[in-house]
Amino acid sequence: MTPPAPPTAPPVDDRAATVARDAALVQRVRAGDDGAFDELVRLYMRQAFQVAFRVVGHREDAEDLLQEAFLAAHQYLDSFDASRPFGPWLMRIIANRGANLRRSRTRRQTEEEVDGVSTAPSALDESERAEMREILTRALATLPERQRLIVTLFDVDGMTSTEIGEMLELAPGTVRWHLHEARRALRAVLTRFVGDEE
Amino acid sequence: MTDSRQAPHGGEDIFGGEPARDARLGALLADVVGRPPEADWHALAERIATARTRQRGSWLAYAGRWERRAIPVAIAAGLAGVLALWGLGMPATARATGAVTPSDPVAAMVEGTPADDAARSFARSVTSAEDPSFIGAY
């Protein structure tokens, strides 16, 4: 199964064009054009929501976080370096504010948002799957926040290490190291279900 | 659960290029964390636009927009004020000290001022009294 690419994430090849487009929009916003900011919202809303959902794990919280992040971006747009793409800057705001929101709402249950058809290995029966999910959930909870986010964004959402690095202000190599560590920890607890294939 | 890029020690080649996707681990993780739900994008965009309009009207937002510039400016203005007061304070003190220095009545009489006038001038400089007629009482 191929993880889906973020819906509106700009392709890496178009980075220069993306930077130019974002810079033009930001310039218009700074000049007082609200429509340009609405355009930025439309361009980055889906990707931002995806990241927000990964950070807070709850749909309504993700929507609140998304709104808060866009408002903060609008408020502090003067500090944005227009020679860089807008997306990673916005995602950093989401990651930072989301971490605070997540800490403040730890009692809230993570919403089950599975998209209908299960993607788990079909060889496992229902009780095994339930047990595996419980173990994997516990294993995820023991990961450092950053590693949990990285492995989810990479292996579930299909983001690249460069995109994740820009978002979390990490070098791509550092992202890959966190990914490696997270995968190793998760694989260790899953070996009894899927076998050690390494 | 394997990657196409394997390091000699059996893990990913974290110093090389982009690691391969682990589709199986991804599927298992997706089963646990779920996939991001579809949202009502139009409603969400409207909500953000409305909140932005509200934000613009608030004085907090206005202050927030200026805080990055206002804080250094306020610090600079404060320093400038302290320096100005300090700088102005020195001559002012000196001037004040000079103002209360009694005039020299002897020098005034040598220059031809009547003794009475010299005495009154001296008394005025000491007491700052507008009408030193009380001197005559002594």
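Readers should treat all values here as calculations from the given coordinates under stated rules, not as data from a laboratory. Quick caveat, the model's predicted, so the values are computed rather than measured. Note that each Cβ is placed from the backbone with ideal geometry, even for glycine, and that neighbours are counted across all protein chains shown.
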Original post:
So how far apart, in nm, are the two label points at A:Ile135 and A:Asp34 if each is 7 Å from Cα heading toward Cβ?
Top reply: 5.5 nm
Original post:
Any idea how far the Cα center of region A:55-69 sits from the one of region A:83-106, in Å?
Top reply: 10 Å
Subject >> Size of electric dipole in region A:11-106: Cβ of Lys, Arg +1 and of Asp, Glu -1, about Cα centre, debye, nearest 20 >> reply: 400 debye
Original post:
So how strong a dipole does region A:124-198 carry about its Cα centre when Lys and Arg Cβ are +1 and Asp and Glu Cβ are -1, to the nearest 20 debye?
Top reply: 220 debye
Original post:
If you count, for every residue in A:69-78, the Cβ atoms of partner chains within 10 Å of its Cβ, what is the mean?
Top reply: 4
**OP:** Extending each Cα 7 Å along its Cβ direction at A:Ser104 and A:Ala188, get the distance between those two points in nm, one decimal.
**Re:** 3.5 nm
**OP:** Please give, to one decimal in nm, the separation of the simple spin-label points placed at A:Ala16 and A:Thr162, each 7 Å out from Cα toward the Cβ.
**Re:** 1.3 nm
